[in-house]
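Engineer: Have a look at the structure that comes next, please.
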Amino acid sequence: MGSESSTTTDARRLLAALANAQARRVFAEIGVGGTPGSSLSPAKLERALTLLNQAGLVEAVETEGGARYCIREHAFRDALAGLSSAPSPSGVERFLTADGRIDRYPAREADRLRLLAWVATRILDTGERMAERELNERLARFTGDVPMLRRYLVDAGIVSRMPDGSAYWLALKEDADGGP
């Protein structure tokens, strides 16, 4: 009665089996200890049991009176474990949306500084000076709140600015005097 049970449970196959109304009914009947498929023809019962068996949901157990089916206890857990999950983002990517915009600012200062440095290296080249308007246009690629991001960059010492805000540049370690 049906083929040998799968050793691993494939989530797609499991869902496909449960999407079939007859297989779902047979699965429920097995689950409550009833006689599976009493309202189905032998051919339909055989198809439903084969589908459930191949999906790893049930397994045949040989008894003195013939084969009987029981539910594989760990079928759903195995199917979930078999799903491949997307790798968790690491580094600054944890704080970005899929299109590279800042989703949130990190609470940890070290992470926040890494994120700000990452943004700065994408908007400014070493030795490049630019007006606030151009800087704002470049920052807009990363956030909807440009003034806040610009202020974070300056306050963190990653970007330097003229006192009147007329020019911005990447801060160098020796930028203590206010100029590049």
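The values are calculated or read from the model by the stated rules, or taken from the named source; none is laboratory data. What you see is a predicted model, and the numbers here were worked out from it, not measured in a lab. Heads up: the accessible areas ignore ligands, DNA and RNA and are worked out on the full protein's heavy atoms, side chains in. Shrake-Rupley method; radii C 1.70, N 1.55, O 1.52, S 1.80 Å.
Engineer: How large is the accessible surface of TYR168 in square angstrom, using a 1.4 angstrom probe and rounding to the nearest 10?
Structural biologist: About 0 Å², ignoring ligands and nucleic acids.
Engineer: Treating the Cα atoms of the chain as identical point scatterers in vacuum, please give the log10 of the normalised Debye intensity I(q)/I(0) at q = 0.08, 0.11, 0.16 Å⁻¹, two decimals.
Structural biologist: -0.52, -0.60, -0.90
Engineer: Just read off the accessible area of ASP10 with the full protein assembly in place, 1.4 Å probe, to the nearest 10 Å².
Structural biologist: Only protein atoms counted, so the area is about 80 Å².
Engineer: So, in Å, what gap is there between the alpha-carbon centers of region 27-72 and region 76-133?
Structural biologist: If you average the Cα positions of each part, the centres end up 50 Å apart.
Engineer: If you don't mind, another one. Once Rh is set to the Kirkwood radius over Cα pairs, what Stokes-Einstein translational diffusion coefficient, in µm²/s, holds for region 72-119 at a temperature of 37 °C and a viscosity of 0.692 mPa s?
Structural biologist: 251 µm²/s
Engineer: How would MET130, MET148 rank on accessible area, largest to smallest, probe 1.4 Å?
Structural biologist: MET148, MET130
Engineer: How much of the calculated P(r) for region 87-172 lies past 20 Å, in percent of all Cα pairs?
Structural biologist: That tail contains 28 percent of the Cα-Cα pairs.
Engineer: Just the number, please: carbon plus sulfur as a percent of the accessible area of the chain, 1.4 Å probe, no ligands or DNA/RNA counted.
Structural biologist: Roughly 51 percent of what the probe reaches on the chain is carbon or sulfur.
Engineer: Express in Å², to the nearest 10, the accessible area of ASP99 obtained by rolling a 1.4 Å probe over the protein heavy atoms while all chains stay in place.
Structural biologist: Per-residue accessible area (ASP99): approximately 110 Å².
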